[in-house]
Every structure is written in C-alpha cells, then in structure tokens.
Amino acid sequence: MVRNLLQRLRAHVLDQKLFPEPGRALLAVSGGPDSVAMLDLFTSLGPEVGLDLVVAHVDHGIVPESGGVAEQVAGLASRYQLPMYRATLAMGPDVSETRARHARYAALRRIQNETGARYLVTAHHADDQVETVVFRFLRGSGTAGLAGIPAEGAGGVVRPLLPFTRAELEGWLAARTAAGDEPLSVYRDPANVRDRHDRSWIRHRLLPHLRQRFGHRVETRVLDVARHAAGERRAWSALLRTLPELEFRSEDGTAEVARAPLQKYDKLLSEALLRALAREAGCIVGPRRAVGLQQFAVSAPSGRRLQLGGGWEAELSFDRLRIVAADRAVWDPAEEVVWGHGRVGRVRWGGWDIGWQEGEAADATRASYATWVTVGPGAIRGPTVGDVLVPLGGVGRRKVRRLMMEARIPWRERDSYPLVVRGGSILWIPGVCRARAALPRHGARALRLEAHAVGDH
C-alpha cells in the first residue's frame, strides 16, 4: 500500500476535484514527518494538477530548537527548488494548543496573501481526523462537530491527506530512504508524545485502551461516525439552498437568509438551519449558542447584533439575518477610482467591479445595475455626509443615505457602497437610483456602465 501511495493520492485529488483551478499552492510544512511526506508527494503530483508550489513554515517559538527546525524546512525547500516563506512567532513553552493553532493559521494566511496563493495545503491525515472526532465528542459537540476536519475550508484551504494514515505517510518516507534516496530531514516534536495536551493524551492514552477493549477497528468506526455526521452536515447545507423562502445568499465569508421563515419554523428546525448558515460563513456555532441565536433571529429588532465568539457576530438588517466576521474590514470610502477613459474599460472599487463600453444610448431606468451616461471620465467613491442627488423622473433633491435605506441596503454596507460621480454631481448609485445628471439622448454616442458586487457574476 505504501508503494502506491502516490497513485492513490493522485486518484483521490482528481476524484474529489480538490484543486479545481490551476494556481499557486502554499504547502504548510512544519518539519514533522506528515508534512515532509506531503511536500515530497506534491513535488511529483503538484505540477500534474496545475499547481505552482510554495513552501511555508511557521516557527512558533515554543521550543528552543525551533530555529533549527525552520532551517531544516528551508533545506528541504532548497532541495526541491521551491521558494520558502517563514513566519517567526514568540509564543513561549506554555502556550495552549488552541492559541498556537490560531496564531499558526493567521501567519499562514498572511503568507498566502503575500504570495497570492490560491490554495493553502495542510498535512492533516486520518489519525488527526480520529483524534479530532474523539476530542469533540468528549467536549459535547453536536453532529456537525463530529463530522471532523473537512477536506476543504474557507479561503482555499485543502487537506488532501485525510484518507491516509500516519503510518502510511511514515512508510512512504522510509521507502524513499530504502530505495537509496537521500533521507529527508524530519523533526519529531517531543510534545507529541507527552500527555500535557488533550490530543496527545487521546493518542497515547485513550485510543490504546479503546483498541484493547474494542479491537483494532476503533479508528475505522470513529471515521464512520465522521462520515455519517458529514453527510448530515451536507444535508442541512443543501436544505438552506432548497427552501426558496429562505432566500439564502453566501459570499466572501458572510452568509444570510430571510428572517421571516425562521419566525414560523419549529424552534429546533430554525436552530439547525442557523447552525448550517453559520458554517456557510465559516463560523462554528455549538448547540447551546444556537439556542440564543434562534431567539435573537425571532425577537430582536432590526439593527441589533449578537456576538457569536471567535470573532463572529450575527446581525439583523431589515428582514434579513446575516453571519459576518465582527472585524470584517470595510472599504475606505475616501478612496476614489477613475472610470471612463477610452471606449471600453473596467475598474475595481472595494467589493465592486464596474465596467464601461461605448455605444448608442438606450433608455436609462431608475434602479438598475446598468445605465447610460454621456461620454467622459468620472470617479467612484463612497458616500459622505450631505450627499444628495436629483433622481431620474423625480422632483427635488434626495439624500443618498435615505435612498440607500429605502433600497434596504444593510447599514454595514452603506459606507462601502459605490457612488458614480462626475465633477460635483452624483450620477448613479448602482441598483439604488439613477440621477438626472449626465443623461444622454436616446441613440446618442454614450457609455454603458455596468456594476457587479464581486462574486455576483
């Protein structure tokens, strides 16, 4: 089985479409045998599936020898002629597993952004999955938590080794050496054989007792639990998309539904749907917190927010409930981007993509995501205090903020909503209101503007 590990991994990656688009893949290499085996396997597999490989290593600063481990990883990257990026932390020996994991992922995300990597690839394997499911069971996790580690996560995270065991990966490294290849340097973290951390205790104390009592199929049975739970998790996610009255939407780390159905559904059904909604955004809501979230969805007034922990919150805006990162950055409304130079073009402003093309003007409508303007450049900016316009077909000036509220733009999005301007005049608020300014005659040479929120097209 070890000798055909590469072929099995190739078949798994292709069958599950883990890398659907070619691009840069950031391999998270700790220096341990699992991640070193992943690095070795992907130097063969990566180019076959269109991946441009980059190595990343996070030095947590937990053990004195961590600097030497980073040098070992650098040597491996050099051996495979791959670029390497290193993040150095100073967490100290008493840091918790949870805090170290959060810091590691934050550092890897920074490297991913720096390198423009589409994928962040980690070396989680079947033994990690077993320990995770057992750990979550002991902490009272719900069904979704018992699904364990997903093969794919938000932001391009991919875990291609989940079907394979630790023994198979170590066997791969041993077989490489036995075949006469130069041994690959690996670091064996002494913390992995101590009982101080919960997962190490499960690995070295609990699981051996379970095997003694129930036989060596314990791991297989735990993985069966994970598969069953993952199936239920997928079913709830599918239900979000199947019930038309929910008007489910998900984009760029947020997820939202219509509020009214949650107020009439059975309480337990609403709780399960809200937990599924949170997962779509990337937030894990446990059973107890789901009770509070359901009560919030049913009874809180519009404009209220509920903290969900882990940097997430729920918010009610008009008739919709949204799950969003509490520290989610908004676009700086003071920044301006110029449009309209040339016969055709496209610009990006914040979370919006706005293009133009010259043609013969058709009739403009008041609330649309496409419109016609007279030829000439302009700018895109965010709203400022006192902004007004004269609407197409209207009489008198209207406040931009009032128009956005009437169009039911969530309050969180209003500061980062684009205004298309020219000189001192507001020409258009996409999807909200077309102004009378710069309106071309029917059939005259003009520019057709079209706006999309990024991810909508």
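Under the rule a/c < 1.5 gives rounded, and otherwise a/b versus b/c splits prolate from oblate, where does the stretch 318-421 land using the Cα gyration tensor? In terms of gyration-tensor shape, oblate. If you take every residue apart from Y119 with its C-beta less than 14 Å away from the C-beta of Y119, what net charge results, scoring Lys and Arg +1 and Asp and Glu -1? Taking every Cβ under 14 Å from that of Y119, the sum is +2. Measuring nothing but protein heavy atoms, the accessible surface of the chain at 1.4 Å probe radius is 51 percent carbon and sulfur. Per-residue extension of 0.36 nm, minus the Cα-Cα distance of V338 and E182, leaves a gain of 50.5 nm for this segment.
Approximating the spin labels as points 7 Å out from Cα along Cα→Cβ, the E48-to-E152 distance works out to 2.0 nm. Full extension of the chain segment joining E413 with A175 gains 80.1 nm, where the gain is 0.36 nm per residue of separation less the Cα-Cα distance. In this structure, E358 and H452 have a Cβ-Cβ separation that, at R0 = 25 Å, corresponds to a calculated FRET efficiency of about 0.85. The label point for R348 and the one for K17, both projected 7 Å from the Cα toward the Cβ, are 2.4 nm apart.
How much area per residue is accessible in the stretch 260-351 when the probe is 1.4 Å and only protein heavy atoms are counted (Å²)?
52 Å²
Per the Debye calculation on the stretch 39-91 with a single equal scatterer at every Cα and no solvent contribution, log₁₀ I(q)/I(0) for q = 0.16, 0.27, 0.30 Å⁻¹ amounts to -0.51, -1.00, -1.13.
Determine the sum of side-chain charges near A107: Lys and Arg each +1, Asp and Glu each -1, restricted to other residues whose C-beta is under 14 angstrom from that of A107.
Details: positive: R86, R99, R101, R104, R109, R110; negative: D59, E114.
For residues surrounding A107, the net value is +4.
Taken per residue, the accessible surface of the stretch 1-144 reaches 46 Å², heavy atoms only and a 1.4 Å probe. For S96 and L243, what is the calculated FRET efficiency with R₀ set at 41 Å and r taken between the beta-carbons, to the nearest 0.05? The pair S96/L243 has a calculated efficiency of 0.55.
Projecting each Cα onto the charge dipole of the chain (Lys/Arg +1, Asp/Glu -1 at the beta carbon, about the Cα centre), which of V375, P163, L273 comes out farthest on the positive side? It is L273. Net length available on complete extension from V298 to Q81 is 72.5 nm, with 0.36 nm assigned per residue and the Cα-Cα distance removed.
Here the Karplus relation 6.51 cos²θ - 1.76 cosθ + 1.60, evaluated at θ = phi - 60°, turns the backbone of the stretch 446-451 into coupling constants of 7, 10, 8, 9, 9, 10 Hz, with x for every Gly and Pro.
When shorter helices are ignored and each DSSP H run of at least 4 residues is given -39500 (n - 2.57), the per-residue value for the chain at 222 nm works out to -11500 deg cm²/dmol. For C433, the residues 5 or more places off, or on other chains, whose built amide H falls under 5 Å of its own are S368.
Neighbours of K17 by Cβ distance under 15 Å: Lys/Arg scored +1, Asp/Glu scored -1, total -1.
Computed from phi, the 3J(HN,Hα) profile of the stretch 431-441 under the Karplus parametrisation 6.51, -1.76, 1.60 (θ = phi - 60°) reads x, 10, 6, 8, 8, 6, 5, 6, 8, x, 5 Hz, with x in place of Gly and Pro.
Computed as a quarter of the hull surface, the mean projected area of the alpha carbon convex hull for the stretch 114-272 stands at 13.9 nm². For the stretch 369-457, the solvent-accessible area works out to 47 Å² per residue, with a probe of 1.4 Å and every protein chain left in place. Of L447, H125, H216, whose Cα points farthest to the positive end of the dipole of the chain (charges on the beta-carbon: +1 Lys, Arg; -1 Asp, Glu; origin at the Cα centre)? With unit charges placed on the Cβ atoms, the residue in question is L447.
Accessible area per residue was computed with a 1.4 Å probe on protein heavy atoms; Y417 scores about 10 Å².
The values are calculated or read from the model by the stated rules, or taken from the named source; none is laboratory data. The model shown is predicted, which means the values in this text are computed figures rather than measured ones. FYI the Cβ positions are ideal-geometry reconstructions off the backbone, even for glycines, and counts take in every protein chain you see. When the accessible area is computed, the model is the full protein with side chains, heavy atoms only, and any ligands, DNA or RNA have been set aside. Shrake-Rupley method; radii C 1.70, N 1.55, O 1.52, S 1.80 Å.
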